[in-house]
Amino acid sequence: MKKLRFLLSLTNDDNDYQIEQASSARRAAVKLGIELEIVHAKNDGIVQSQQLLTSIQSSTIPRPDAILFEPAGSTGLPQVARAAAAAGIGWVVLNRDVDYIAELRRQFQVPVFVITSDHEEIGRIQGRQLAALLPGGGLVLYIQGPSESSAAKQRLFGTLEAKPETAQLRVLKAQWTEASAHKAVSSWLRLSTSRDNQIAVVCAQDDSMAMGARKAFEECFANQRHLWERIPFLGCDGLPNTGQDWVRRNLLVATVYIPPNAGQAIELMMKSIEGGIQPPDRTFTPVKSIPAVEALLDQALRARASSR
């Protein structure tokens, strides 16, 4: 059997989750003897579409046997998916549910499937974390991913569903990176109106954005540490060497662990190609609070008792 070529398209190369996605894919490719190319879309859905179409339509380099991609824009690139499947290229969507999977599986004899997390459940976990930290309510500075991201929208929906009614969100937008969150929060803190808002918790939709927000508070209140040092920062992704480590070091109070799934996608694709059968149309990766919400509540109760 010829050596297979897979193409992995990620949203960017400076977000800790995307970096770990690439690492998990490389490990799987080495294990399975697959030639793997990784490209990054610079958080731009148009760039991503062009990159993938170039690979599908190229007459100068061999086409990949499968494309795995995490959408950078507002859509799951249905036309690109159809072009890939029509060219005999397997297609995997990571961390986004799309509505065209069943149609492509009916029409083309190539593996087509989704591996994703339940983003609304991720949001609900953060909502429950807020409930543990804010039994009496308060203002939450909420750092959301880009407007075109369905994952960002679903996480916000889940958070709104699970948070206490007395917790109010002030939503800022960023681009899944520390630098973008730092810029957004720094700009907001410079507004005179922000000083009228007493922030009780900072909650970000990923760990890198939480750390960018924390850096902005540190810089803005460099000589007034008492104004921010007791604010809990919540993140999401929870990777062992970043989010979980930041929780252990008390830089974040909590995170949500979302296992990278690019490596799993490669293994499923390889198994499907070798066995000639379609994998499940959707596979959901489990998520969990770190620490557990019950432990976070106990921690918050002890902190309030000691401050009296």
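The values are calculated or read from the model by the stated rules, or taken from the named source; none is laboratory data. All values reported here derive from a predicted model rather than from experimental measurement. When we count neighbours, we look across all protein chains shown, and the Cβ atoms used for this are built from the backbone with ideal geometry, even at glycine. Surface accessibility is based on the protein's heavy atoms, side chains included, excluding ligands, DNA and RNA. Shrake-Rupley method; radii C 1.70, N 1.55, O 1.52, S 1.80 Å.
Computed over the Cα atoms of the range 22-147, what is the ratio Rg over Rh, Rh following Kirkwood?
On the way: Rg = 18.3 Å, Rh = 16.9 Å.
Rg/Rh for the range 22-147 comes to 1.08.
Taking the range 154-214, which GluC sites (Glu not before Pro) meet the DSSP loop condition and have no more than 13 other C-beta atoms within 10 Å? Walk me through the numbers on the way to the answer.
Details: sites: GLU161, GLU165, GLU178; in loops: GLU165.
The qualifying sites are GLU165.
Only four residue types carry charge here, +1 at the Cβ of Lys and Arg and -1 at the Cβ of Asp and Glu. Report the dipole size of the chain about the Cα centre in Debye, rounded to the nearest 20. Kindly include the intermediate steps, with their values, before the conclusion.
Values: 34 positive and 32 negative charges, 72 e Å.
Dipole about the Cα centre, nearest 20: 340 debye.
Compute the long axis of helix 207-220 from its Cα atoms, compare it with the longest principal axis of the Cα atoms of the chain, and write down the angle in degrees, 0 to 90, nearest 10.
40 degrees
Need the full-extension length gain, ALA222 to GLN50, defined as separation in residues times 0.36 nm minus the C-alpha distance. One decimal, nm. Each step should come with its number before you reach the end.
Working: separation 172, 0.36 × 172 = 61.92 nm, distance 4.40 nm.
Full-extension gain reported as 57.5 nm.
Relative contact order for the chain: what is it in percent, counting Cα pairs under 8 Å that are at least 6 residues apart? List each step's numbers first, then the result.
Values: 623 pairs, mean separation 56.0, N = 308.
Over the chain, the number comes to 18 percent.
ARG63: accessible area at probe 1.4 Å, nearest 10 Å²?
120 Å²
Residue separation times 0.36 nm, minus the C-alpha to C-alpha distance between ALA102 and SER59: what's the value?
On the way: separation 43, 0.36 × 43 = 15.48 nm, distance 2.92 nm.
Difference between extended and current length: 12.6 nm.
How much of HIS40 can a 1.4 Å solvent probe reach, expressed as accessible area in Å² and rounded to 10?
Only protein atoms counted, so the area is about 50 Å².
Which value, in Å to one decimal place, does the Kirkwood hydrodynamic radius take for the chain when every pair of different Cα atoms is included?
After inverting the mean inverse Cα-Cα distance, the result is 20.3 Å.
Report the paramagnetic label zone for LYS2: residues of the range 108-128 whose backbone N is under 20 Å from a point 7 Å from Cα along the Cα-to-Cβ axis.
Residues 109-112 qualify, since their backbone N sits under 20 Å from the label point.
Given the rule -39500 (n - 2.57) for each run of at least 4 DSSP H residues, summed and divided by the residues of the chain, what is its mean residue ellipticity at 222 nm, to the nearest 500 deg cm²/dmol? Display every interim value, and only then the final one.
Values: 11 runs with 134 residues, N = 308.
Result for the chain, helices only: -13500 deg cm²/dmol.
Let me cross-check SER180: its accessible surface, 1.4 Å probe, with only protein heavy atoms counted, in Å² to the nearest 10?
Spelled out: SER180, probe radius 1.4 Å, area about 30 Å².
Rounded to the nearest 5, what % of DSSP beta bridges with both residues in the chain are antiparallel? Don't skip to the end; give the middle numbers.
On the way: 3 of 41 bridges.
Among the beta bridges of the chain, antiparallel pairing accounts for roughly 5 percent.
Roughly speaking, what is the stretch gain from ARG27 to ARG82, that is 0.36 nm per residue apart minus the C-alpha to C-alpha distance, in nm to one decimal?
Taking 0.36 nm per residue and subtracting the Cα distance, the gain is 17.0 nm.
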